[in-house]
1. Accessible area per residue, 1.4 Å probe, Å², for the chain: what's the number?
2. Using 0.36 nm per residue of separation minus the Cα-Cα distance, give me the extension gain between Ser7 and Asn60 in nm, one decimal.
3. Remind me, relative contact order of the range 6-89 in percent, using alpha carbon pairs under 8 angstrom and six or more residues apart?
4. Per DSSP helix of 4 or more residues, -39500 (n - 2.57); summed, then divided by the residues of the chain. What does that give at 222 nm, rounded to the nearest 500?
5. From Cα coordinates alone, what are the radius of gyration and Dmax values for the chain in angstrom?
6. How large, in percent, is the carbon and sulfur part of the accessible surface of the chain at a probe radius of 1.4 Å?
Amino acid sequence: ANGYYWSRWNKCIYSSHDLSDMVFIDNYIFNKDVFIQFNSSVGEYVGYTEHGVYNAQLYNKDPNILQQERAEVEGVCKHNAEIDQSTITGKS
């Protein structure tokens, strides 16, 4: 209760059955406020605080970090969504 709160939340958001509108969002949270975010629609990090802007600039300069985040749409989001969809449609 008297410390700091840090977390990282990833989200995959989509609404179409063909997954063409899939978006991957990676939030970095400190004391319950998002301070930096990667959004696959934007394709790079965005900072929301002074510390977040500083880190976003560092991460955006590193092509390896950006490539890894951009790959999450295919490797994590679409892969898991396809499994979920096949499970749901298989229970008819």
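1. Per residue, the chain has an accessible area of 71 Å².
2. Numbers: separation 53, 0.36 × 53 = 19.08 nm, distance 2.04 nm.
Here the segment from Ser7 to Asn60 would lengthen by 17.0 nm.
3. About 21 percent, as a whole number.
4. Estimated from H runs of four or more residues: -10500 deg cm²/dmol.
5. 15.7, 51
6. Solvent-exposed carbon and sulfur of the chain make up 52 percent of the total.
The values are calculated or read from the model by the stated rules, or taken from the named source; none is laboratory data. Owing to the predicted nature of the structure, the values given are computational and were not obtained by experimental measurement. Just the protein is used for accessible areas: all its heavy atoms, side chains included, with ligands, DNA and RNA removed. Shrake-Rupley method; radii C 1.70, N 1.55, O 1.52, S 1.80 Å.
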